[in-house]
């Protein structure tokens, strides 16, 4: 099949992908942008309605356009879907959707050659790739003894809709991240809950300022530079005691227990040998990067991860991962798009415009 040619292919039109597209457009590079969703918003299209902008403020800081007024009470799924869509229109970004990218491979052995991107609407040939597929489509379900024997309901946070689904039921929440404690707060207001984590959660009472964010990103960055699987940024920042979480703690919702040893039909077997009856298990156990389409490039190393140099894959400088590792958080996603484009401009044959195109 004859492939259409372009300078750069961007896969994913969430926050990191849109940031990359802004800088590609500003520097005058030809690009194609593919997104698997039916409309704007990325993974935010699927977040539960109770997740309000008051708890995710800052994620909408896309480059080039003044941030719109935010009602902290508005569901993040509604605000960010609308904002991302308006952003695409105002910048004149062309996003092809819904398009599934099935594979990315090298067209030849020339390290300065081109990449073949196979999609559900045809093939493209590109000098570079910016992968911004995120993690939402790959929820992580731990393998646990007896998990298939449980007679109650099991769900991942990716499937969560509302606390009212669990009225009158005892809900076990598994996980030590922001989603886990946020949903514990919410569900514990309408029914009984228990919280289990593999490790004792680390809480912080001080303000999470720009310096703390920089330090946290640096720690995650160090892991991916070594080719290790990335940890989430929150795993090194700790959990912040917000007023809502202080209230949850006061009513006992955040009384953490060590991880149970097995799941049984009616509940879980506790670490001390006791038994806890449960009607539902909510797995707030995180996500993995959506990178299967990159398998033909053989990017993973012996450590199980992909060795990175900033956003650039160390072994394949034509490929950039944004929304991966340190740029998977709201702290790093925007600047990752800019960094990826800056590095791509250094590839042979891809010279920047004399001056960046002004915006605004």
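For segment 31-74, what number results from the quotient of the Cα radius of gyration and 2.2 N^0.38 Å? Numbers along the way, then the final one.
Details: Rg = 12.6 Å, N = 44, 2.2 N^0.38 = 9.3 Å.
Here the Cα radius of gyration is 1.36 times the empirical estimate.
Mean separation of Cα pairs under 8 Å and 6+ residues apart, divided by the residue count of segment 44-112: what relative contact order is that in percent?
On the way: 49 pairs, mean separation 22.5, N = 69.
Over segment 44-112, the number comes to 33 percent.
Mind checking the angle between helix 333-344 and the chain's longest principal axis? C-alpha axes, 0 to 90 degrees, to the nearest 10.
Computed tilt is about 30 degrees.
Can you give me the C-alpha center-to-center distance between segment 1-51 and segment 100-130, rounded to a whole angstrom?
So the separation of the two Cα centres works out to 16 Å.
Explain nothing, just the number: relative contact order of segment 1-93, from Cα pairs under 8 Å at least 6 residues apart, as a whole percent. Please report the intermediate quantities before stating the final value.
On the way: 117 pairs, mean separation 28.1, N = 93.
The value is 30 percent.
Classify segment 234-277 from the C-alpha gyration tensor, please: rounded if a/c falls under 1.5, else prolate or oblate depending on whether a/b exceeds b/c. Write down the numbers at each step before the final one.
Working: a/c = 3.33, a/b = 1.92, b/c = 1.74.
Prolate.
Give the shape of the chain as rounded, prolate or oblate, defined through the alpha-carbon gyration tensor: a ≥ b ≥ c are the square roots of its eigenvalues, a/c under 1.5 means rounded, and otherwise the shape is prolate if a/b is larger than b/c and oblate if not. Write down the numbers at each step before the final one.
Working: a/c = 2.04, a/b = 1.71, b/c = 1.19.
Judged from the Cα gyration tensor, the chain comes out prolate (a/c at least 1.5, a/b above b/c).
Per residue of the chain, what 222 nm ellipticity follows from adding -39500 (n - 2.57) for every DSSP H run with n ≥ 4, rounded to the nearest 500? Don't jump to the answer; show the numbers that get you there.
Details: 7 runs with 79 residues, N = 360.
That comes out to -6500 deg cm²/dmol.
State the dimensionless ratio Rg/Rh of segment 89-165 (Rg: radius of gyration of Cα atoms; Rh: Kirkwood radius). Intermediate results must be reported in sequence, preceding the final value.
Working: Rg = 19.9 Å, Rh = 17.1 Å.
That ratio equals 1.17.
Going by alpha carbons, how many degrees (0 to 90, nearest 10) lie between the helix axis of 76-91 and the longest principal axis of the chain?
Once rounded, the angle reads 10 degrees.
What ranking do 82, 52 get, fewest neighbouring Cβ atoms within 10 angstrom at the top? List each step's numbers first, then the result.
Numbers: 82 14, 52 18.
Placing the least packed residue first, the sequence is 82, 52.
How do 100, 49 rank when sorted from fewest to most other Cβ atoms within 10 Å of their own Cβ?
On the way: 100 14, 49 11.
By the 10 Å Cβ count, ascending, the order reads 49, 100.
Taking the chain as a Gaussian network, where each spring joins two C-alpha atoms under 10 Å apart, which residue of 125, 149, 179 fluctuates the most?
Greatest mean-square fluctuation among the candidates belongs to 149.
Determine the shape class of segment 1-48: with a ≥ b ≥ c the square roots of the Cα gyration tensor eigenvalues, call it rounded for a/c under 1.5, and otherwise prolate if a/b is greater than b/c, oblate otherwise. Write out the running numbers ahead of the final one.
Numbers: a/c = 4.10, a/b = 1.54, b/c = 2.66.
Judged from the Cα gyration tensor, segment 1-48 comes out oblate (a/c at least 1.5, b/c at or above a/b).
Which whole-number percentage describes the relative contact order of the chain, with Cα contacts under 8 Å and a sequence gap of 6 or more? If you can, show how the numbers build up before the last one.
Working: 737 pairs, mean separation 85.0, N = 360.
Reported as a whole number, the value is 24 percent.
Counting other beta carbons within 10 Å of each Cβ, put 141, 195, 136 in order, fewest first.
Values: 141 12, 195 23, 136 17.
Ascending number of Cβ neighbours within 10 Å: 141, 136, 195.
When the chain is modelled as a GNM with alpha-carbon springs shorter than 10 Å, which of 135, 261, 197 fluctuates the most?
So, out of 135, 261, 197, the one fluctuating most is 261.
Using the alpha-carbon atoms, what tilt in degrees (0 to 90, nearest 10) does helix 15-26 show relative to the longest principal axis of the chain?
20 degrees
Taking every pair of alpha-carbon atoms in segment 1-152, what share in percent sits in each 10 Å bin, from 0 to the bin with the longest distance?
With a bin width of 10 Å, the distribution comes to 10, 34, 29, 18, 8, 1.
Values quoted throughout were computed directly from the atomic coordinates according to the rules given, and no laboratory measurement underlies them. The model shown is predicted, which means the values in this text are computed figures rather than measured ones. Quick reminder, even Gly has a Cβ in these numbers, built from the backbone with ideal geometry, and neighbours come from all protein chains shown.
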